[in-house]
Amino acid sequence: MEALFILHFQRAIEMLDIFKRKPNVFPATEPVTNFDGTKLKRGRCYLIKEPKSDAAFGNFVSLVMGTCSECQHPEAFSCENIGCKRCTLPCPCKCCTQSRAQGLCFTIDSPEEIRQKYLLQTSPIFWISKLGNDSINPANLEIMAGMICDFFKKSKNPIVLLDGMEYSITINGFTPVFKFLHDVRELVILYKAVFILPVSPGTLDEKELALIERIMDRVDV
């Protein structure tokens, strides 16, 4: 009886976690370290087929640490605090009508390790896990979609990377995840954002992979 009670209690906790309140997401700009990096078109979703997510993170970091897409004054970025409202440098980019990319990342790896590996300082990173206060349960597809939508609304040039989609498919099944991706694609078009999705081809069957390729542009690695 005691074991059965513990099992029901654990399931109740998991259900409460699924419907927990959506975390707030605040867009932030990274210091500029890249002047000639990846150029992906806004309003597009990009699929990167690779066993690991190295190329996907490479594209993401290149975008969020790069200058705005049409920057004419790369010499203005000698200061790491560029974009700071208190900056008094005579920077020509203060009058720039472009907006630098701001990133949001969901990953199955430790956010601290991701920050250290890719030197990400300010971009919000969320752990796809059933554990931890700042984690996102892989069953919480609606909450994740809501966070992405909020981020798109707040940022003028949003970039989102979703790493570990295979884990969400294991938890939810393919159909709910594909519906989630389709909904995100519509938001990407609406807010002229960029969405990056790494996928390990061996984890999906041909039909599933073909469905995802149908709604996304491919980035070769």
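Read-outs: derived from the displayed coordinates by stated rules, not from any lab. Quantities reported herein were computed from a predicted structural model and do not represent experimental measurements. Ideal geometry is used to build each Cβ from the backbone, glycine not excepted, and the neighbour counts take in all protein chains shown.
Pairs exceeding a 30 Å alpha-carbon distance, out of Lys154/Lys207; Lys39/Lys179; Lys117/Lys179: Lys154/Lys207; Lys117/Lys179.
Sorted fewest first by neighbouring Cβ atoms within 10 angstrom, Phe152, Phe180, Phe26 come out as Phe26, Phe180, Phe152. Of the trypsin sites (Lys or Arg not before Pro) found in region 176-221, the ones in coil according to DSSP and having at most 16 other Cβ atoms within 10 Å of their Cβ are Lys192. Across all Cα atoms of region 134-219, the radius of gyration (one decimal) and Dmax (whole number) stand at 12.7, 37 Å.
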